[in-house]
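The values are calculated or read from the model by the stated rules, or taken from the named source; none is laboratory data. It should be emphasised that the depicted structure is a prediction, and the values quoted were computed from it without experimental measurement. Here the Cβ positions follow ideal geometry from the backbone for every residue, glycine too, while neighbour counts run over all protein chains shown.
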Amino acid sequence: MIGNGQTNLPRGGVFIKNSMTRFFRGLLPAALLFILANCPDLAAEAITGREALQYFQEADAITRADGGALWGVSLGGGLLLVDPATRIAYANRPDSQGRLARVGPVLRGEIPMDVNLANTALDWAGGKWSMFLLPLPTEREKRATLLLHELWHRVQDQIGLPASAAANHHLDSRDGRYWLQLEWRALAAALAAEGAERTRAITDAILFRERRRAIFPGAAGEENVMEMHEGLAEYTGVKLSGAPDLARYVIDGELKEAAKKETFVRSFAYANGPAYGLLLEAAGASWRERSLRKRISRRPCSRSPKLNSRRMGRAPPKNARASTTARA
Ligand SMILES: [Zn+2]
């Protein structure tokens with residue numbers, strides 16, 4: 001019978017054909033999975049489970065190596081890597097409400113519409129998480145900085161440095177931007193230098209900072225609030241980034257990028273936090289311990305570590321105002 005291949009085949013041929021059909025039927029789902037996993041367009045997923053696992057392992061290695069040394073607590077915790085287009089998230093640990101399903105070594109689920117998607121720390125599904133929008137930075141050190149930045153936000157309440165915000169509108173004014181950018185240039189010069197040259201640049205940075213704060217009433221308080229929030233988070237990210245030369249990393253990274261931002265009202269702390277943190281450390285100041293002691297005394301943590309030339313190695317000039325203008 002034409003049209004019925006089976007009848008035209010000898011018995012051995014029929015057996016082989018049926019076997020091959022079964023083989024390909026069995027192979028098809030696996031082949032499709034392979035194609036989906038290796039073709040981002042078809043898969044419509046920002047990352048694969050394997051990539052998510054790699055990021056989780058990177059964060060885990062850093063927090064384990066830190067072992068609570070930086071802030072007195074482990075920075076390790078729940079991570080959510082979220083595709084903002086689909087709200088699909090990969091997680092590194094189960095949630096207590098069963099919203100995440102295990103997929104091999106990671107977990108996967110959908111973040112509901114009532115949750116704001118952002119790089120942030122949040123309470124969700126019965127736990128506290130650090131959330132990251134995909135894609136993550138491709139450079140390993142920048143990725144580590146972001147991961148640790150948000151992991152610090154996750155524990156900041158726990159260590160007594162709670163989340164806070166201030167408007168800092170003055171940093172979008174001409175004078176605010178002018179004196180802030182002078183401060184950044186002086187900070188970059190200080191991080192690049194050593195010895196007397198460094199202390200001279202630090203003195204410049206503090207003079208520019210104080211001049212700005214003298215122009216705008218309330219500026220010091222508002223800037224301190226943001227430096228204690230975003231500044232400490234970014235310092236933590238930089239400090240644990242694994243960059244071989246942290247000073248150079250900040251000069252070429254935060255300090256250079258900061259000036260390109262359209263507004264400085266929040267982002268300024270991303271530059272100031274790591275820069276002052278590294279300079280204070282280099283000067284032997286125990287500023288992190290001082291910040292944490294406020295947790296014990298339960299005083300409001302609205303002040304940055306007090307920055308002055310004396311603490312950072314040099315007495316301030318006698319006529320500060322004239323010196324500031326001359327140095328600008
Ligand atoms: Zn932040």
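Any residue at all in the stretch 233-247 that is away from the ligand (no atom under 11 Å from the Cβ), among the polar types (S, T, N, Q) and surrounded by fewer than 20 Cβ atoms within 10 Å (Cβ to Cβ)?
No, the conditions are met nowhere in the stretch 233-247.
Restricting attention to the stretch 110-144, which residues are among the hydroxyl-bearing types (Ser, Thr, Tyr) and either surrounded by 20 or more Cβ atoms within 10 Å (Cβ to Cβ) or farther than 20 Å from residue 62 by Cβ (or both)?
Result: 130, single match.
Go through (1) more than 16 Å from the ligand (Cβ to nearest atom); (2) of a type outside the set (Val, Ile, Thr); (3) at pLDDT 95 or above; (4) within 25 Å of the chain's Cα centre (by Cα) and name the single condition residue 160 misses.
In the conditions (1) more than 16 Å from the ligand (Cβ to nearest atom); (2) of a type outside the set (Val, Ile, Thr); (3) at pLDDT 95 or above; (4) within 25 Å of the chain's Cα centre (by Cα), residue 160 misses (3) alone.
Surrounded by fewer than 21 Cβ atoms within 10 Å (Cβ to Cβ), in a helix (DSSP H, G or I) and assigned by TED's automatic domain parsing to the domain that holds residue 291, is that true of residue 266?
Considered against the rule, which asks whether it is surrounded by fewer than 21 Cβ atoms within 10 Å (Cβ to Cβ), in a helix (DSSP H, G or I) and assigned by TED's automatic domain parsing to the domain that holds residue 291, residue 266 comes out as no.
Does residue 179 qualify as being surrounded by 19 or more Cβ atoms within 10 Å (Cβ to Cβ), within 16 Å of the ligand (Cβ to nearest atom), assigned to a helix (DSSP H, G or I) and aromatic (Phe, Trp, Tyr)?
no
Please enumerate the residues belonging to the stretch 214-223 that are under 28 Å from the mean Cα position of the chain (by Cα) and away from the ligand (no atom under 16 Å from the Cβ).
The answer is 219, 220, 221, 222.
State whether the residues of the stretch 308-321 include one that is at pLDDT 95 or above, under 15 Å from residue 202 (Cα atoms) and more than 16 Å from the ligand (Cβ to nearest atom).
no
Looking at 257, 230, 281, which one is within 16 Å of the ligand (Cβ to nearest atom), part of a helix (DSSP H, G or I) and surrounded by fewer than 17 Cβ atoms within 10 Å (Cβ to Cβ)?
Only one candidate qualifies: 257.
Right, residue 275: surrounded by fewer than 24 Cβ atoms within 10 Å (Cβ to Cβ) and away from the ligand (no atom under 13 Å from the Cβ) or not?
So residue 275 fails the test.
Filter the stretch 110-127 for residues that are within 15 Å of the ligand (Cβ to nearest atom) and not in a loop (DSSP other than H, G, I, E, B) and give the result.
120, 121, 122
Can you name the number of the only condition in (1) assigned to a loop (DSSP other than H, G, I, E, B); (2) crowded, with 22+ Cβ neighbours inside 10 Å that residue 207 fails?
Of the numbered conditions (1) assigned to a loop (DSSP other than H, G, I, E, B); (2) crowded, with 22+ Cβ neighbours inside 10 Å, the odd one out for residue 207 is (1).
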